[in-house]
1. Return the inverse of the average 1/r over all pairs of distinct C-alpha atoms in segment B:40-110, which is the Kirkwood hydrodynamic radius, in Å to one decimal.
2. Positive end of the dipole of the protein assembly as shown, charges at C-beta (+1 Lys, Arg; -1 Asp, Glu), about the Cα centre: which of B:S112, B:Y8, A:G26 has its Cα farthest in that direction?
3. Residue by residue through segment B:5-18, which ³J(HN,Hα) values in whole Hz follow from phi under the Karplus form 6.51 cos²θ - 1.76 cosθ + 1.60 (θ = phi - 60°), with glycine and proline marked x?
4. Once amide H atoms are built 1.01 Å from N in the peptide plane, which residues 5 or more positions from B:F115, or in another chain, come under 5 Å H to H?
5. Taking trypsin sites (Lys or Arg not before Pro) as exposed when DSSP calls them loop (any state but H, G, I, E, B) and at most 15 other Cβ atoms lie within 10 Å, what is the longest stretch of chain B free of them, the sites themselves excluded?
6. Hey, in the GNM for chain B with a 10 angstrom Cα cutoff, which one of B:E56, B:E14, B:E41 fluctuates hardest?
7. Cα centroid distance between segment A:90-121 and segment B:43-93, in Å?
8. Summing +1 for each Lys or Arg and -1 for each Asp or Glu, what net charge is found among the other residues whose Cβ lies under 14 Å from the Cβ of B:S2?
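What follows draws every value from the coordinates through simple rules; no lab data is involved. All values reported here derive from a predicted model rather than from experimental measurement. We place every Cβ from the backbone using ideal geometry, glycine too, and count neighbours over all the protein chains shown.
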2 protein chains.
Amino acid sequence: MSSFLGTYNISLDEKGRFNVPAKFRGTLEQSGPQLVVCAMEPFLVVFPQKEWALNEEKLSSLNAFDIEDRTRLREFYSRATDCEMKSGKILLPLNLREIAGLKKEAVLVGMSKTFEIWSPDRWDKQEGG
Amino acid sequence: MSSFLGTYNISLDEKGRFNVPAKFRGTLEQSGPQLVVCAMEPFLVVFPQKEWALNEEKLSSLNAFDIEDRTRLREFYSRATDCEMKSGKILLPLNLREIAGLKKEAVLVGMSKTFEIWSPDRWDKQEGG
DNA sequence: TTCTAAAGTGTCGCATAATGTAACTATATG
DNA sequence: CATATAGTTACATTATGCGACACTTTAGAA
């Protein structure tokens, strides 16, 4: 077990926090409350700490002194935020909510090792299309 | 979690200091308050002491008798300044502020092991483009 | 040296944002 | 229905960012 599966409709409070669904909570707690949220264009991706570390390893092959490589690294890191689950909740920073077009409602989508956060209308669009 | 992530809008005081965001502060404190700030053309890069040392190692593989290598080394070292975080703040020397076009506002961009400092307009330009 | 201006440093308080707690509502389970 | 669990809202508490100000140090001129 312990992988993120399924789709959940959740709501954000006025500060941008949401309750982690009970089934996700168990999976998250296995790797500690630390996690990284990263904007990937139309949606957000939540990485548990370990999973993020694996990603960083892949990125470490890029050369920080090469302009193009550095730009790619920047795109990735600049839109990431480390946060943690506290009292069963995760706070999404304002800038990430804006990038993802999140207001009051959101859709969580399990992706096995990670899960995604969509705005409901974007989700419906890509579901329908 | 000890890596620099995310984007922060910060402001410089009249002396050119800025408050290090709380999340960066923890990461910085792990390697001591000592750090090196280095100009990399349109922006500045802040290296914690340890990370700077690793970089020096890499650069030491360059050949000091090769003109091009030597030029790269010179570019790198000549525009670096060592400074430190004091009372949670970092003072950016005037010459570096001028190189980066910094006035009152700035954008901090996490790059995992280091972070960058941009002037807001340059940052918007490279984001949009 | 002494004076003066400029640059660097520490601290405090306020406004705002982040966080924890608890109460309340909804949904599921038997 | 009664109970338990999950989800939501609201409010109290705490932390953070930032400006203001005072003090210290440095550098140069007289």
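1. Final number for the Kirkwood radius of segment B:40-110 is 14.0 Å.
2. Among B:S112, B:Y8, A:G26, the one farthest towards the positive end of the dipole of the protein assembly as shown is A:G26.
3. Rounded to whole hertz, the list is 9, x, 10, 10, 8, 10, 10, 9, 7, 5, 9, x, 9, 9.
4. B:V46
5. B:16-102
6. Highest fluctuation of the listed residues: B:E14.
7. 38 Å
8. After counting each charged neighbour, the total is -1.
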